[in-house]
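Here the structure comes first, spelled out in structure tokens, and everything after it is commentary.
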Amino acid sequence: MTGDGYQNPLITRYASPEMSEIFGPRRRARIWRELWLALAEAERELGLQISDSAIKAMRNHLDDIDLDRIAEIEAELRHEVMAHIRHFGEVAPEARGVIHLGATSAFVMDNADLIQHREALRLIRRRILGLIAALRDRAAQNRDVACVGYTHLQPAQPTTIGKRMALWIQDLLLDLESLESRLANLRFRGARGATGTEASFLTLFQGDGAKVDRLNAQVAEKMGFDRLYDVSAQTYPRKVDASLIGTLSEVAQSLSKLANDVRLLQNFGELAEPFGEAQVGSSAMPHKRNPMRCERIGALARHVITLTQNPAFTAAVQWLERTLDDSANKRIAVPEAYLAADSILLLAHNVASGLEVYPDVCARRLAEQLPYLAAEPFLLYASARSGDRQELHERIRRHAIAAAERVREGQPNDLVDRLAEDSEIGIERGEIEKIISPEAMVGRAPEQVDRFLAERVDPILARHEAEIDETPPGLKV
């Protein structure tokens, strides 16, 4: 990193080169040229006088992009698209007269936006699938590792580490469904003209509306789209940006939840995010092992979630066929949302792949909470044996409170002894130990994990096998 000017940490520290490239100036310039080529090809196929040499020149110079030269022209013209048109004409002079024929700036800008959305969403999908695959293996490994369950962050019925991971995966599956729906419904703007009436193209084709329809269909197909938005103003609906960034927010919500759970459980000592051999946890306290990856997930997830307001406001305040107050903030908010989402998915994959689980700590903490947790299952069992539920409730409550008080004083938990010695309850010690064993108290959690993985997770991973990132990408910092 060099220079004294501000550099966006999403690019320099967090996001992947792949996501940065999608929104980089060279990739965007390349897409614009692909669009101009597709337009010229379709216009020629529909009868306009565009030479073979013009098409060939455009195709041969798609990558002949001099960003410095484009910046120089833009400084003179004060118009970004015209600067690109002129530079394309400089490197492909045979095509100079037909580049951008009949189009307005939104033809390249908006259609390119939609293409970038598609490319970025596909990368996000790949990241989600890789994370799900990593969590799937950890959930299977820890399907029956019993631990204290919590409601209100207070000890509740026991669960398993694997069941918690299954809950994280389920959130991500919901996000994947939403993302798949957004991708399936993403459409092309097409060649619609300055206000979306297609008037300029109708003139080019001498009033033949059918040819204008075919032009749009052919350009869309060349760019990989099978549908267009039914009607258009100068731009595609800005609600599209709002909905897509909303989907990224859903991903951020899931990952923030996952990261917060890991941070809490790392404090309890039950599990820990990976920690490098030479990693430093604190500049002042050498012993510390801070959950910095999960803390970073929380920070960047917050950024994605707050970014949803930007495109929502933009969609809400567009005037008539279009105003330009969408442009400057769109250039910032949309790429940053994808870059930050990419960053937290990379981090979460890294955490999931290297997550350390400590079953002995889970067992110890569960034993410590047993006086609080065993009362309900034991009451249900004793009542089912025709005991007086109200009387049993009171006797078990007194034993549980007394046992809990001993634990608070640092003495061993004697709940089982108290219950076994109470002749009014009348249940033998062996039965009591079986009833309140961790294996019994976690209910169907291990079975739920097995079924969820087999019936829901594995079929999705099999269907997307070619897209899965098996190895977590390296982190920049």
- Task: Enter the angle in degrees (range 0 to 90, nearest 10) between the Cα long axis of helix 389-408 and the first principal axis of the Cα atoms of the chain, meaning the one along which they spread out most.
- Result: 80 degrees
- Task: Could you tell me which trypsin sites (Lys or Arg not before Pro) in the stretch 297-386 are loop residues by DSSP with no more than 12 other beta carbons within 10 angstrom of their beta carbon?
- Result: 385
- Message: Over all directions, how big on average is the projection of the convex hull of the alpha-carbon atoms in the stretch 105-164, in square nanometres?
- Response: 6.3 nm²
- Query: So what's the angle, to the nearest 10 degrees on a 0 to 90 scale, between helix 80-91 and the longest Cα principal axis of the chain?
  - Reply: 60 degrees
- Message: I'd like to know how the stretch 118-223 sits against the 2.2 N^0.38 Å rule of thumb: what's its Cα Rg over that expected value?
- Response: 1.92
- Message: List the GluC sites (Glu not before Pro) within the stretch 407-461 that DSSP assigns to loop and that have no more than 15 neighbouring Cβ atoms inside 10 Å.
- Response: 409, 424, 428
- Return the long-range amide H neighbours of residue 149 (sequence gap of 5 or more, or a different chain), with a cut-off of under 5 Å between placed amide H atoms. 156, 159
- One finds the C-alpha centres of the stretch 169-211 and the stretch 361-413 to be spaced, in Å, by 62 Å
- 3J(HN,Hα) from dihedral phi, the stretch 128-136, Karplus parametrisation 6.51/-1.76/1.60, rounded to Hz, x for glycine, proline: 4, 4, x, 5, 4, 4, 5, 5, 4
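Identify the chymotrypsin sites (Phe, Trp or Tyr not before Pro) of the stretch 1-36 meeting these criteria: DSSP loop state and at most 13 other C-beta atoms within 10 Å of the C-beta.
Numbers: sites: 6, 14, 23, 32, 36; in loops: 6, 23.
Passing sites in the stretch 1-36 are 6.
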- Quick one: grab the alpha carbon gyration tensor of the stretch 15-95, order the square roots of its eigenvalues as a ≥ b ≥ c, and give me rounded if a/c is under 1.5, else prolate or oblate depending on whether a/b is larger than b/c. oblate
- What are the radius of gyration and Dmax of the chain, computed over its Cα atoms and given in Å? 30.4, 102
- Can you flag which of 163/330; 163/434; 56/211; 257/434 are past 30 Å Cα-Cα? 163/330; 257/434
- Calc'd 3J(HN,Hα), the stretch 13-25, phi into Karplus 6.51 cos²θ - 1.76 cosθ + 1.60 (θ = phi - 60°), Hz, glycine/Pro = x, comes to 10, 10, 6, 7, x, 4, 5, 4, 5, 4, 9, x, x
- Relative contact order of the stretch 15-95, pairs being alpha-carbon contacts under 8 Å that are 6 or more residues apart, as %: 31 percent
- Message: Could you give each residue of the stretch 258-264 its phi-based ³J(HN,Hα) in whole Hz, using Karplus coefficients 6.51, -1.76, 1.60 with θ = phi - 60°, and x for Gly or Pro?
- Response: 4, 5, 5, 4, 5, 4, 5
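Placing unit charges on C-beta atoms (Lys and Arg positive, Asp and Glu negative, everything else neutral), compute the dipole magnitude of the chain about its Cα centre in debye, rounded to 20.
In total the dipole reaches around 520 debye.
All of the numbers you see were taken from the coordinates with simple rules; none came from a lab. Computed from a predicted structure; not experimentally measured. For neighbour counting, all protein chains shown are included, and Cβ atoms are generated from backbone atoms with ideal geometry for every residue, glycine included.
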